[in-house]
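For reference, the structure discussed in these notes is given below.
The values are calculated or read from the model by the stated rules, or taken from the named source; none is laboratory data. Note that this is a predicted model, so its numbers are computed, not measured. Counting neighbours? That spans all protein chains shown, and the Cβs are built from the backbone with ideal geometry, glycine included.
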Amino acid sequence: MAEIKIEKRKRIWPWLLIGLGLVIAALLIYFLVFRKNDIITETVTEADHITNTEEPYLLGVKENNRTVAAYENFVENSNQEMSLDHAYTNEALLKLIEATNAMANEVGYDILADLEKVKGYANMLTIDPFDTTHADNIRKADDVLANVLQNIQKAKYPSLAAEVEELKKAAASINPEVLTLKQQDAVKNFFVKASDLLQKMN
């Protein structure tokens with residue numbers, strides 16, 4: 001009777017384990033070496049973009065808000081003179097309130113309570129043209145607006161600190177004890193400084 005040769009079946013699982021180990025090692029090498037280079041390249045590219053930006057306060061943030069642009073346009077192009085009825089100052093304050101609110105909405109900052117105070121001060125300007133407290137109301141309104149804009153600046157535009165300081169100085173230069181029409185330049189200067197700051201934010 002012929003002998004039947006029985007061959008032992010070769011085990012495959014050790015080869016599978018070795019193959020799986022090689023695949024895992026290759027993946028680890030890829031993620032540790034090649035992905036790290038990709039991240040470094042992306043970081044360098046982004047840093048180059050920031051370094052080459054002419055105006056660092058922008059850093060890719062450009063709101064282009066129309067309400068802010070309308071205020072800027074009013075300040076630059078208004079030929080309206082300040083008069084006893086304070087129509088110019090009232091309109092400038094109301095437009096600045098709208099522009100500040102629009103910018104606050106762009107950055108997600110709630111300022112409604114502050115703006116209600118400023119509206120109250122602005123409305124007082126039109127009640128009695130002979131009232132001698134108009135400069136005081138303008139100063140209070142300007143101080144509130146300057147503080148609001150400073151908070152927005154700190155939250156999103158850290159490089160505009162110098163512009164905010166200029167705005168606060170402009171507000172402080174309005175003397176509450178002097179009649180408004182005797183310090184027209186100081187009042188208008190505040191609106192110009194606010195426009196400059198908003199223009200850089202917008």
> Of all residues in region 173-202, which are of a type in the set (A, V, I, L, M) and either at positive phi or in contact (Cβ under 8 Å) with a residue 24 or more places away in the chain (or both)?
Replying inline: ILE174, VAL178, LEU179, LEU181, VAL187, VAL192, ALA194, LEU197, LEU198, MET201
>> Just checking: which of the helices (runs of 4 or more DSSP H) contained wholly in region 33-121 hold 1 or more residues that are in contact with a Ser or Thr (Cβ under 9 Å, 6 or more places away or on another chain) and either of a type in the set (Lys, Arg) or at pLDDT 60 or above (or both)?
In response: 66-77, 87-107
>> Yes or no: region 153-165 includes at least one residue that is within 22 Å of GLU76 (Cα to Cα), more than 20 Å from the chain's Cα centre (by Cα), touching a residue at least 24 places away in the same chain (Cβ under 8 Å) and assigned by TED's automatic domain parsing to the domain that holds ASN77.
In response: no
> Among (1) in contact with a helix residue (DSSP H, G or I) (Cβ under 8 Å, 6 or more places away or on another chain); (2) assigned to a loop (DSSP other than H, G, I, E, B), where does ALA170 come up short?
Replying inline: (2)
> Residues VAL192, VAL178, VAL164: which one is assigned to a helix (DSSP H, G or I) and more than 23 Å from GLY108 (Cβ to Cβ)?
Replying inline: VAL192
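For every residue, the table says whether it meets (1) touching a residue at least 40 places away in the same chain (Cβ under 8 Å); (2) surrounded by fewer than 18 Cβ atoms within 10 Å (Cβ to Cβ).
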site	(1), (2)
GLY120	no, yes
MET124	no, no
ASP131	no, yes
ASP142	yes, no
